[in-house]
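The values are calculated or read from the model by the stated rules, or taken from the named source; none is laboratory data. Keep in mind it's a predicted model, so treat the numbers as computed, not measured. Cβ coordinates were reconstructed from backbone atoms using ideal geometry, including for glycine residues, and neighbour counts include every protein chain displayed. Surface areas here come from the heavy atoms of the whole protein model, side chains and all, with no ligands, DNA or RNA. Shrake-Rupley method; radii C 1.70, N 1.55, O 1.52, S 1.80 Å.
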Amino acid sequence: MSRTTEFPTAASGTPDTSGSTLTSHQHVTTSAPWDDHASVHRGLRAVTIATCLPYLSLKLAWTAGNRTGIPEGSVLLDHETFMRWANGVTLLMDAGVVVLALLLTRPWGRRLPAWPPALTMWGAAGLLAPIVYGFPAQLAVRALGGTAADPAPDGRPLLDEWVFGVVYGGFIVQGLGLGALFALYARGRWGHLWRGRVADLAACPPGRGQRTAAAVAAVLALMPAAVHLLWAAGSPAGLAPDLARSYSGDFAAGQSGHALFALATTASLALLVLGRGGRLPLSVPLVLAGLGSAATACWGGWPLLAALAGPDRSGTPLMITTYAVQMITGTLVLAVGARFFAQRAARLRAA
């Protein structure tokens with residue numbers, strides 16, 4: 001199905017990404033992605049929601065006191081009240097994946113203001129992207145002879161091995177499914193906001209405040225990147241004693257992912273601030289900045305919460321500082337990005 005859409009353009013005679021020229025208020029016939037890809041939407045939505053069910057079932061069982069997948073002597077049984085609270089929170093978080101999959105594919109999701117789908121997807125991507133990278137990386141490290149993580153610092157078991165495969169395998173599919181659904185949703189709703197090349201920003205650059213905030217965020221992201229690279233390389237500096245004693249290839253693989261997302265944030269912001277990406281599509285640094293900042297913020301906030309409010313409270317000053325800087329960096333990029341898109345949309349409407 002095709003429909004005629006009035007695309008706002010930056011100015012009369014502004015070239016689009018294909019090199020053709022659009023005049024102000026020119027009508028362009030295009031296909032709405034949610035119309036042309038209805039079967040793709042249904043398939044991705046069904047797979048994404050289906051992969052939530054095993055995790056939701058486990059969390060419901062654990063919250064109710066069932067111990068499926070939890071072996072005798074597990075360290076999780078030492079803090080049952082805290083674990084029930086944590087299981088309830090993570091149960092709601094994964095249920096949010098189901099809601100988000102529906103939001104991105106149902107008509108009511110297209111009528112919402114911009115911030116609910118964008119902010120929710122930013123958080124979901126931030127939590128899932130490091131798992132999409134980290135779990136396969138850990139399996140690769142083990143296949144190459146690397147060491148697996150110890151179940152617990154004292155050698156006690158955590159969960160049955162099959163639980164990790166089911167849970168993290170499901171998270172990977174959820175991350176990929178939501179990513180594909182959001183790409184279709186965003187292209188249909190906001191695709192005009194990231195047309196063009198990075199070099200085109202020179203003609204209509206972000207404001208000085210945005211550039212300053214983006215530059216500060218780019219520099220801040222280097223701190224957690226350096227710390228995670230240090231830990232990925234095997235240095236125990238600043239790690240809690242239990243983590244240092246149980247250091248493994250699994251841990252190193254996860255840390256390398258956190259470093260890569262932080263570095264992606266810095267690199268993408270540098271391109272956007274300097275506007276020197278040449279003919280690189282503007283969408284590339286925007287996506288990297290969004291994904292990198294989300295992963296950096298979410299995987300700063302989650303371990304920071306565990307370090308400060310968890311039953312062990314074993315975070316060291318360097319760990320807590322690193323996680324706090326990650327949260328500050330990601331939140332700053334989110335604010336700059338929201339302002340950037342709002343101003344860009346206003347300029348296109350004015351044109």
From the options L229, L272, residue that is aliphatic (A, V, I, L, M) and at pLDDT 90 or above: L229
When you look at W190, is it open to solvent by 60 Å² or more (accessible area, probe 1.4 Å), touching a residue at least 24 places away in the same chain (Cβ under 8 Å) and either within 21 Å of L286 (Cα to Cα) or in a helix (DSSP H, G or I) (or both), yes or no? no
Pull out all pairs, ordered by first then second residue, where Cβ-Cβ is under 6 Å, the residues are six or more apart or on different chains, the first lies in the stretch 239-257 and is farther than 14 Å from T147 by Cα, and the second is open to solvent by less than 40 Å² (accessible area, probe 1.4 Å). A240/T316; Q255/H228; Q255/W231; Q255/A232; S256/A232; G257/P130; G257/G134
Only one of (1) open to solvent by 30 Å² or more (accessible area, probe 1.4 Å); (2) among the hydroxyl-bearing types (S, T, Y); (3) under 15 Å from the mean Cα position of the chain (by Cα) fails for T321. Which number is that? (3)
Please go through (1) open to solvent by 50 Å² or more (accessible area, probe 1.4 Å); (2) over 23 Å from the mean Cα position of the chain (by Cα) for G278 and return the number of the only condition it doesn't satisfy. (1)
Could you please find all residues in the stretch 110-135 being under 17 Å from the mean Cα position of the chain (by Cα) and loosely packed, with under 15 Cβ neighbours inside 10 Å? W115, P116, L119
The stretch 37-69, subset open to solvent by 70 Å² or more (accessible area, probe 1.4 Å) and over 30 Å from W85 (Cβ atoms), residue modelled with the lowest pLDDT: S39
Just to be sure, is L91 at pLDDT 95 or above, assigned to a helix (DSSP H, G or I) and either β-branched (V, I, T) or open to solvent by less than 60 Å² (accessible area, probe 1.4 Å) (or both)? no
Among (1) assigned to a helix (DSSP H, G or I); (2) over 17 Å from D160 (Cβ atoms), the one test that T105 misses: (1)
